[in-house]
Amino acid sequence: MTIQWFPGHMTRARRQIEEKLRLVDAAIELLDARVPHSSRNPMIGRILRGKPRLVVLNKADLADPRSTERWIAAFRDEGHDCIAVDAAGGRGVKEITARVRELVAPQRERMAARGVVKPRAVRALIVGIPNVGKSTLINRLAGRGAAATGDRPGVTKGQQWIKVGGEMELLDTPGILWPKFEDQAVGMRLAVIGSIREEILNLEEVAFFAVKTLAVKYWDAFAQRFGLEGGPPEDVEDPEQVVDVLERIGRKRGCLISGGRVDLEKASGVLLRDLRAGKLGRITLEEPDDSR
Ligand code: GDP
């Protein structure tokens, strides 16, 4: 994560995406299945305008499958086809091409009827915020031995098409979007999953947020992973009860400072590292019906 988003960068990113969109039939909006709302660009509707769009929830291997089903239903209600994949492991990735083709079929039939378009592979662009897995997905779709098909007239210099099984062509560079910074909870959720640079964060604050958001919903996973006895916090609005969970984790993991007190920063690091690596199981940080 090296991108620092300032207004100028956002404008430039948006222009770059709009330029690429002119070359494609459809967009693949890539989101993180653990934070589908927080990993979404706030202006995505305006940026993609009417471009046919497939919403893809990536890293589904790390997300709670029940929540992922709810999110898929929510995006479909919103009018966008949506599927869940694991770009790193490959699960679900093959389905993307078929879905994109379905998405653009009506439009292409209309154009074919008017004699406008020659039959050709459908062209698509992947868009998403940093760290959602755009490069991983492009590599996965490209597959072994994939060759870029070379510069074409009308294609910005340097951009190439990657053939995906003869049925789809993908621009080899994704569109990079920014998250919704104005909302502090969005920033915190992105921090919990490790998609915001550590240096600009307070580790304890992020871990506190993680416990507050997840300890009740996923208490069994917390208790099992860290060997915690007793129940979840009764009231997560009470900061002392939230910190108490962190202290219990710290004590179990030997994160202590002089006097036998818990080193909260160390405990926070332990919790976040395990959470991000999926050691607590499959966890989703937000549900479609959360007020936001
Ligand atoms: P980009 O910034 O959007 O291009 O994201 P990358 O493709 O660089 O991926 C960011 C990180 O997420 C890398 O460490 C990937 O290995 C990891 N990653 C990508 N897709 C998946 C996935 O489906 N599951 C898991 N567990 N990790 C993934």
Enter the accessible area per residue of the chain (Å², integer; probe 1.4 Å; all protein chains in place).
50
Acute angle (nearest 10 degrees) that the helix 65-77 long axis makes with the longest principal axis of the chain, alpha-carbon atoms:
40
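Between Glu19 and Asp244, what is the FRET efficiency for a Förster distance of 45 Å, r being their Cβ-Cβ separation, to the nearest 0.05? Show your work: numbers first, answer last.
Working: r = 52 Å, r/R0 = 1.16.
It comes to 0.30.
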Using Cα pairs closer than 8 Å and at least 6 residues apart in sequence, work out the relative contact order for the chain, in percent.
21
Show me 204-213, 46-55, 31-40 ranked by packing, highest mean number of other Cβ atoms within 10 Å first.
31-40, 204-213, 46-55
Over the chain: Kirkwood hydrodynamic radius from C-alpha pairwise inverse distances, Å:
20.7
Per-peptide average of other Cβ atoms within 10 Å, ordering 167-179, 244-256 highest first:
167-179, 244-256
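Could you give the length gained on full extension between Arg12 and Val216, defined as 0.36 nm per residue of separation minus the Cα-Cα distance, in nm? Intermediate values should be presented prior to the final figure.
Numbers: separation 204, 0.36 × 204 = 73.44 nm, distance 4.16 nm.
Gain on extension, Arg12 to Val216, equals 69.3 nm.
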Taking every DSSP bridge whose two residues both lie in the chain, the antiparallel percent to the nearest 5 is 30
Which number gives the lysine pairs in the range 8-172 that have C-alpha atoms under 18 Å apart and are eight or more places apart or on different chains?
10
Linear extension gain, Gln4 paired with Ala277, 0.36 nm per residue minus alpha-carbon span:
95.8 nm
Once you keep just the Cα pairs under 8 angstrom separated by 6 or more residues, what percentage relative contact order results for the range 1-151?
30
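Ignoring any ligand, DNA or RNA, what whole percent of the accessible area of the range 46-131 comes from carbon and sulfur when the probe is 1.4 angstrom? List each step's numbers first, then the result.
Numbers: 2160 of 4370 Å².
Exposed carbon and sulfur together represent 49 percent of the surface.
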Between Ala88 and Leu201, what is the label-point separation in nm under the 7 Å Cα-to-beta-carbon projection?
1.5
Loop only by DSSP, 16 or fewer other Cβ within 10 Å of the Cβ. Give me the chymotrypsin sites (Phe, Trp or Tyr not before Pro) in the range 1-85 that pass, ordered by residue number.
Trp5
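Multiply the residue separation of Asp81 and Arg120 by 0.36 nm, subtract the distance between their alpha-carbon atoms, and state the gained length in nm to one decimal.
Numbers: separation 39, 0.36 × 39 = 14.04 nm, distance 2.24 nm.
Value of the extension gain: 11.8 nm.
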Within the range 73-89, list the residues whose amide N lies under 20 Å from a label point set 7 Å along Cα→Cβ of Glu109.
79-82
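With a/c under 1.5 counting as rounded, go ahead and sort the range 8-172 into rounded, prolate or oblate using the C-alpha gyration tensor (a ≥ b ≥ c being the square roots of the eigenvalues; past the cut-off, prolate if a/b is larger than b/c, else oblate). Provide the component values of the computation, followed by the final result.
Numbers: a/c = 1.38, a/b = 1.36, b/c = 1.01.
Note, shape of the range 8-172 comes out rounded.
The values are calculated or read from the model by the stated rules, or taken from the named source; none is laboratory data. Please read all numbers here as calculations on a predicted model, not as lab measurements. Cβ atoms come from the backbone with ideal geometry, glycine included; neighbour counts cover every protein chain shown. Ligands, DNA and RNA are excluded from the accessible area calculation, which covers all protein heavy atoms including side chains. Shrake-Rupley method; radii C 1.70, N 1.55, O 1.52, S 1.80 Å.
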